1. Given the criteria exposed (fewer than 10 other Cβ atoms within 10 Å of the Cβ), modelled with pLDDT of 80 or more, among the charged types (D, E, K, R) and part of a helix (DSSP H, G or I), does residue 45 qualify?
2. Can you tell me how many residues in region 56-71 are of a type outside the set (Ser, Thr, Tyr) and either at pLDDT 80 or above or surrounded by 11 or more Cβ atoms within 10 Å (Cβ to Cβ) (or both)?
Amino acid sequence: MAEEVQKEICAKDQVDAMGKQDLSDFKELLIYITKHNPEMLDAIETLRYLLVHGVLLASKGIPLTSLPLALD
């Protein structure tokens, strides 16, 4: 039993590390895009809104289809 728990903890740590690397790569990509294409800033802000609110809703078990169509 303890061995299974340890394997699960290791797997979660690996997923967390991969997620942090993905976020780091994504952040670098956004910085590159905004430096070289400032007109893309509105699109990036929209994506950020959808990502942040989508994750918050998903963590509460609310379907992503409940995101409002009009952005504030």
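The values are calculated or read from the model by the stated rules, or taken from the named source; none is laboratory data. The shown structure was predicted, so the numbers you read here are calculated from the model rather than taken from an experiment. Positions of Cβ are generated from backbone atoms using ideal geometry, with glycine treated the same way; all protein chains shown enter the neighbour counts.
1. Working: exposed (fewer than 10 other Cβ atoms within 10 Å of the Cβ): no; modelled with pLDDT of 80 or more: yes; among the charged types (D, E, K, R): yes; part of a helix (DSSP H, G or I): yes.
Taking the combined requirement at face value, the residue does not satisfy it.
2. Step one: filter region 56-71 for residues of a type outside the set (Ser, Thr, Tyr), giving 56-58, 60-64, 67-71.
Add one more test, that the residue is either at pLDDT 80 or above or surrounded by 11 or more Cβ atoms within 10 Å (Cβ to Cβ) (or both), and what stays is 56-58, 60-62, 64, 67, 71.
Matching residues across region 56-71 total 9.
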